[in-house]
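Below you'll find the structure, written out as structure tokens, and then a few comments.
The values are calculated or read from the model by the stated rules, or taken from the named source; none is laboratory data. Source: prediction; values computed, not measured. Because the Cβ atoms are built from the backbone with ideal geometry, glycine has one as well, and the counts that use them run over all protein chains shown.
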Ligand SMILES: Nc1ncnc2c1ncn2[C@@H]1O[C@H](COP(=O)(O)OP(=O)(O)OP(=O)(O)O)[C@@H](O)[C@H]1O
Ligand SMILES: [Mg+2]
């Protein structure tokens, strides 16, 4: 589905991703763990096209996407739930979701809207409210719903559990697993490595802009180094 | 009392035009963070192109339409040729680009059309109404009603269409808009086109009262900017109110003090607002940066 080869990216003159290679296969949940500032968000932003790339290649289903503009990547099936939700605060819940469907050629988004509201009933109750007035958990649901409205093939999730109460974290991860059963491919970035690796088919560990380890979710969960560095054990 | 009413009428009339300039300024600023100092040239071109299209034999309605389409195209080209290629440049660079564009548009108008003052006939005659001892020109009413209709159209576009929402989303959070699949570059281009059309309509409405010439946009851009700052930079409603208040302040100071001070009012307002309440009357847009 997604193949990244030897990707480098900088902010100004400072390189923060150094030759990242990573694969996500169709139908997988792949989790990327790493500490603060390792470059996880930068990588996801590069995949979505909102962060310039210095060298390397990115392929979606064997097509080179390096030169595609961000909106085109969404139209072709890569949606992202960015770090910190980033909902359109002054717009209503309904408007946020409708904008999520803006890339859809069919324009027939009514059924999808209903589906999102069924998935997240809390949003249905607040469909006319400004997104900025929602709680953190509701904003996260909205950000996920907005991304799903594009009917993506690949969903990039940047720390969806950040700052949420445990019960909400559980709900978010359950949603991710449910989406997988529907055939969605997921690349998940998490500091909450325990749960994130538990639901993952495979995982990668990123440290200061380099992939330092990869394996199945189980392998990484049982790995000594991962346990001490990211699971606090 | 009649005097006060008179100054109010004329203040609201010029203020309505400042309001349009300020609104156009705000739309572009919100979508792209570009302070477009060529906004006044949109107004000037709206009037000038209508004048010359009428001189070429077109009836006024058709001439006005030609002018609006032409100015919309100028707005689009300004974005495509000058702003878009400089994407990522600092805001100072972008301001200099728009000032350059405004000088260019003025120069081209002087060369291709002329440097004279021009007038348009009032749309519904020039027999003034007398209200409470003050006179109100029919064209002033045309300006006020016309501006109100433009504001209504902009509001409907923003609140009722997905395209309008995509403009609001881009203004609220550009990166998130891109990640959502909004073509933000096209949206910003659209903001330039809408602002250009708003300016052109203002120019057409007001030319029968104020006349126009190639350099008329310079002052209008400053007044519109002052209105936008007064209302709280980035707040569209604030921009409209700010423009109206500035028009009133100008006419009152011209009437009660001296008409020599009229143009100074805008500068004083800019300075006072920036020094004492940088948020403006309605509070500036909170800038979200990722
Ligand atoms: N806009 C920016 N300008 C300059 N440097 C930046 C910028 N954003 C991030 N960086 C730097 O790039 C590196 C990677 O940052 P990134 O946000 O990708 O990390 P992250 O793994 O997502 O961290 P976190 O877990 O805190 O979200 C960090 O060293 C950070 O300081
Ligand atoms: Mg991050």
Legend entry - Candidate set: the stretch A:31-52, residues that are surrounded by 21 or more Cβ atoms within 10 Å (Cβ to Cβ) and more than 24 Å from residue A:151 (Cα to Cα); chosen: the one farthest from ligand 1 (Cβ to nearest atom): A:33
Legend entry - Filtered residues of the stretch A:23-44 (kept if under 20 Å from residue A:155 (Cα atoms), touching a helix residue (DSSP H, G or I) at 6+ places or on another chain (Cβ under 8 Å) and within 16 Å of ligand 2 (Cβ to nearest atom)): A:31, A:32, A:33, A:34
Inset, instruction - Would you please name the residue that is modelled with the lowest pLDDT, looking only at residues in the stretch A:1-20 that are surrounded by 15 or more Cβ atoms within 10 Å (Cβ to Cβ) and closer than 19 Å to residue A:188 by Cα? - result: A:1
Inset, instruction - From (1) touching a helix residue (DSSP H, G or I) at 6+ places or on another chain (Cβ under 8 Å); (2) closer than 16 Å to residue A:158 by Cβ, pick out the condition that doesn't hold for residue A:217. - result: (2)
Inset, instruction - Name every residue in the stretch A:43-101 that is farther than 22 Å from residue B:185 by Cα and either facing chain B (nearest Cβ under 8 Å) or within 19 Å of the chain's Cα centre (by Cα) (or both), in order of residue number. - result: A:43, A:58, A:59, A:60, A:61, A:83, A:84, A:85
Inset, instruction - Six or more apart or on different chains, Cβ under 6 Å: which pairs go from a residue in the stretch A:42-55 that's closer than 15 Å to residue A:19 by Cα to one that's within 13 Å of ligand 2 (Cβ to nearest atom) and assigned to a loop (DSSP other than H, G, I, E, B)? Could you list them? - result: A:42/A:51
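Quick one: is residue B:87 farther than 25 Å from residue B:12 by Cα and more than 14 Å from every other protein chain (Cβ to nearest Cβ)? Explain how you work it out, then say what you get.
On the way: farther than 25 Å from residue B:12 by Cα: yes; more than 14 Å from every other protein chain (Cβ to nearest Cβ): no.
Criteria not met by residue B:87.
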Legend entry - Per-region count, the stretch A:116-139, residues closer than 16 Å to residue A:178 by Cα and either within 13 Å of chain B (Cβ to nearest Cβ) or surrounded by 14 or more Cβ atoms within 10 Å (Cβ to Cβ) (or both): 4
Inset, instruction - Would you mind stating whether residue A:18 is over 15 Å from the mean Cα position of the chain (by Cα), within 14 Å of chain B (Cβ to nearest Cβ) and either more than 16 Å from ligand 1 (Cβ to nearest atom) or part of a strand (DSSP E or B) (or both)? - result: no
Inset, instruction - Pick out, from the stretch A:125-233, the helices (runs of 4 or more DSSP H) lying fully within it that include 3 or more residues that are modelled with pLDDT under 90. - result: A:193-198, A:224-230
Legend entry - Evaluation of residue A:184 against (1) within 16 Å of ligand 2 (Cβ to nearest atom); (2) away from chain B (no Cβ under 14 Å); (3) crowded, with 18+ Cβ neighbours inside 10 Å (one fails), failing number: (1)
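Does residue A:30 count as modelled with pLDDT of 95 or more, touching a strand residue (DSSP E or B) at 6+ places or on another chain (Cβ under 7 Å) and at the interface with chain B (Cβ under 9 Å from one of its Cβ atoms)? I'd like the intermediate steps shown before the answer.
Details: modelled with pLDDT of 95 or more: yes; touching a strand residue (DSSP E or B) at 6+ places or on another chain (Cβ under 7 Å): yes; at the interface with chain B (Cβ under 9 Å from one of its Cβ atoms): no.
Against the criterion (modelled with pLDDT of 95 or more, touching a strand residue (DSSP E or B) at 6+ places or on another chain (Cβ under 7 Å) and at the interface with chain B (Cβ under 9 Å from one of its Cβ atoms)), residue A:30 does not qualify.
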Legend entry - the stretch B:169-189 - residue that is without any contact (Cβ under 8 Å) to a residue 40 or more places away in the chain and surrounded by fewer than 22 Cβ atoms within 10 Å (Cβ to Cβ) and, of those, nearest to the other protein chains (Cβ to nearest Cβ): B:183
Inset, instruction - State which residue pairs qualify: first residue at positive phi and inside the stretch A:1-25, second residue in a strand (DSSP E or B) and within 16 Å of ligand 1 (Cβ to nearest atom) in any location, beta carbons under 8 Å apart, and separation of 6 or more residues or different chains. - result: A:6/A:19; A:6/A:20; A:6/A:56; A:19/A:7; A:19/A:8; A:19/A:56; A:19/A:210
